[in-house]
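Undergrad: One structure coming up, written as structure tokens, with questions to follow.
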Amino acid sequence: MIAPGPFRAIGLMSGTSMDGIDAAVLETDGEAQLTIGPHASTGYPADLRRTLLRLPSSSVDVPSIEREVTDLQCHAVSALCASRHIDLTTIDVIGFHGQTILHAPEEGRTWQLGDGQRMADSLGKVVVNNFRRNDMNHGGQGAPFAPAYHRALVRSIGIPQPIAILNIGGVSNVTLIDGELLYACDCGPGNALIDDWVSVHCGVPYDDGGKIAAAGRINDYALTMLLSSAYFRQRGPKSLDRNAFSAGPVAELSPQDGAATLAAFTAAAIAAEAQRLPCAPKEWIVVGGGRLNGYLLAELRRRLSVPVRIAEDLRWIGDAIEAQAFGYLAVRSILKLPLSWPGTTGVSEPVSGGVLWNPNARIAGTSSI
């Protein structure tokens, strides 16, 4: 049984950078009440990450990989509770986003690996997953899905609006908040192209602090080619797969010049999307791993005409926000509150979503109806 709210939730997020799992505790009523708890991160083993990056086109045993991903996320919950002295019996629900391996909104398809029943049984807790399905069933893009939480965060500290929350993960997405206006879309690439480039050419998983890019120069011709994608002529709401863009235009560049040009690509795509927003933000707050890339931040500040700050400037926990968001959305799912809106995903009307799994039960009850 789930106790009446407010609810204590653990949210889990493993983003399209595919570098690991963030777990975070949040207490909320699913609306404006937020009490932020501890968080922790668990890295993916290198061999699993390599396998995930090949999906879904690989011939790998996907059910086996899904079990491995689920078990690692269960371990992330247990590790968080053990390291932060959290009694799991005090947790009402776990929001389990799963690992995205495909996102094709133009085909009405999105695929997140994660077995909700297996997690519920393993941890003995109610689990909500499959957040995106109901949105896509109602004509939505299925992404981005954190805007409801971004709005709750902004309202909790009374930041002047309009304001843009920019998440830079594997892809980049923006949430624009201005009173009752809630708008969102994927802007373009985030860290994925940069990560893949430096992994191949420098033997490191990511450009730590943007130091590799800082040693290079932007190639304007390659940048123009990268920005020629038809995606940048579309209006939102819109969303992307991690692999929507190719690094082909930088293929002949040095490792440093390639990293600099790809970082400029991410920043330029965001700046271009800024021109299409329903209103101009007074400032941008950057969350997600991209906030730690100093070169990328400098490019953003150069291309945007208003202040750009990072999560920590507002005393937010930048590494935990996406995980917190899915704990928050799990509570909203239980309460049958909307998770997405026409302005955030293009869905036909505000809809709830998510599938609820009870421990040791073979029948799942959906909270999306």
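The values are calculated or read from the model by the stated rules, or taken from the named source; none is laboratory data. This structure is a prediction, so every number in the text was calculated from the model and none was measured. Cβ coordinates were reconstructed from backbone atoms using ideal geometry, including for glycine residues, and neighbour counts include every protein chain displayed. Just the protein is used for accessible areas: all its heavy atoms, side chains included, with ligands, DNA and RNA removed. Shrake-Rupley method; radii C 1.70, N 1.55, O 1.52, S 1.80 Å.
Undergrad: Taking into account only those residues within segment 101-122 that are of a type in the set (A, V, I, L, M, F, W, C) and open to solvent by 20 Å² or more (accessible area, probe 1.4 Å), which is farthest from ARG49 (Cα to Cα)?
TA: Filtering first and then ranking leaves TRP111.
Undergrad: Another question, if that's okay. From ALA259, ALA251, which residue is crowded, with 23+ Cβ neighbours inside 10 Å and over 20 Å from the mean Cα position of the chain (by Cα)?
TA: Residue meeting the stated conditions: ALA259.
Undergrad: If you take the residues in segment 172-199 that are within 23 Å of SER228 (Cβ to Cβ) and aliphatic (A, V, I, L, M), which one is surrounded by the fewest Cβ atoms within 10 Å (Cβ to Cβ)?
TA: Across segment 172-199, the extreme among qualifying residues is VAL174.
Undergrad: Determine whether ALA9 is touching a helix residue (DSSP H, G or I) at 6+ places or on another chain (Cβ under 6 Å) and open to solvent by 60 Å² or more (accessible area, probe 1.4 Å). Outline the logic, then answer.
TA: Working: touching a helix residue (DSSP H, G or I) at 6+ places or on another chain (Cβ under 6 Å): yes; open to solvent by 60 Å² or more (accessible area, probe 1.4 Å): no.
Criteria not met by ALA9.
Undergrad: With respect to the numbered conditions (1) in a strand (DSSP E or B); (2) of a type outside the set (Gly, Ala, Ser); (3) more than 20 Å from the chain's Cα centre (by Cα); (4) surrounded by 17 or more Cβ atoms within 10 Å (Cβ to Cβ), which one is the sole condition not fulfilled by THR35?
TA: (4)
Undergrad: Right, ILE218: at pLDDT 95 or above and part of a strand (DSSP E or B) or not?
TA: no
Undergrad: State which residue is farthest from ASP19 (Cα to Cα) when the search covers only segment 286-305 and only residues that are open to solvent by less than 10 Å² (accessible area, probe 1.4 Å) and among the hydrophobic types (A, V, I, L, M, F, W, C).
TA: Checking each candidate, the answer is LEU300.
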